[in-house]
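Worksheet for the structure shown next.
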Amino acid sequence: MHETMVAQSLLAAISIETEKQNGKPITARISCGMLNAVNDEVLGFAFEAIAKGTVCEGMKLQIEHKPMQGRCKDCDKTFEFELTSPYCCHCGGDRFNLLPDVPLMLEEIEFEAE
Ligand SMILES: [Zn+2]
């Protein structure tokens, strides 16, 4: 039921923005980290259900999953952490700290051109 809560807060945020823009929203771009695992499809359905009858009815959500970031303990650079190759891409080191996951964020709303 995590997705329903996410959908509700997205709808609230988009509605506020829509009032300011005075247009009809078509698409919203959202980004979130890997650990903040939101199921795209479930979120889409949840959003569709609560957006019915509002100005957001029929709009699409585009969800972009951002990779985890690691900071290498050897060369102190940050890199995109991948489960399949958990090494620093700068020096090949395998000693690193994982940085906090990216929170779910509303990046951009596209409005219908009048
Ligand atoms: Zn390194």
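For the stretch 43-53, how many residues are surrounded by 14 or more Cβ atoms within 10 Å (Cβ to Cβ) and either among the charged types (D, E, K, R) or part of a loop (DSSP other than H, G, I, E, B) (or both)?
Residues flagged as surrounded by 14 or more Cβ atoms within 10 Å (Cβ to Cβ) and either among the charged types (D, E, K, R) or part of a loop (DSSP other than H, G, I, E, B) (or both) within the stretch 43-53 amount to 1.
When residues of the stretch 11-42 are filtered for being part of a helix (DSSP H, G or I), at pLDDT below 95 and open to solvent by less than 20 Å² (accessible area, probe 1.4 Å), how many remain?
So the answer is 1.
Considering only residues of the stretch 1-10 that are at pLDDT 90 or above and among the aliphatic types (A, V, I, L, M), which is most open to solvent (accessible area, probe 1.4 Å)?
5
Can residue 57 be described as in contact with a helix residue (DSSP H, G or I) (Cβ under 7 Å, 6 or more places away or on another chain) and loosely packed, with under 15 Cβ neighbours inside 10 Å?
Yes: the conditions hold for residue 57.
Here is a list: 61, 43, 11. Which entry is hydrophobic (A, V, I, L, M, F, W, C), closer than 23 Å to residue 111 by Cα and in contact with a Gly (Cβ under 6 Å, 6 or more places away or on another chain)?
Only one candidate qualifies: 61.
What residue, among those in the stretch 68-114 that are more than 9 Å from the ligand (Cβ to nearest atom), of a type in the set (Ser, Thr, Tyr) and assigned to a loop (DSSP other than H, G, I, E, B), is surrounded by the most Cβ atoms within 10 Å (Cβ to Cβ)?
85
The values are calculated or read from the model by the stated rules, or taken from the named source; none is laboratory data. Computed from a predicted structure; not experimentally measured. Using ideal geometry, Cβ is built from the backbone for each residue, glycine included, and neighbour counts are taken over all protein chains shown. Accessible surface is based on the protein model in full, side chains and every heavy atom, while ligands, DNA and RNA are left aside. Shrake-Rupley method; radii C 1.70, N 1.55, O 1.52, S 1.80 Å.
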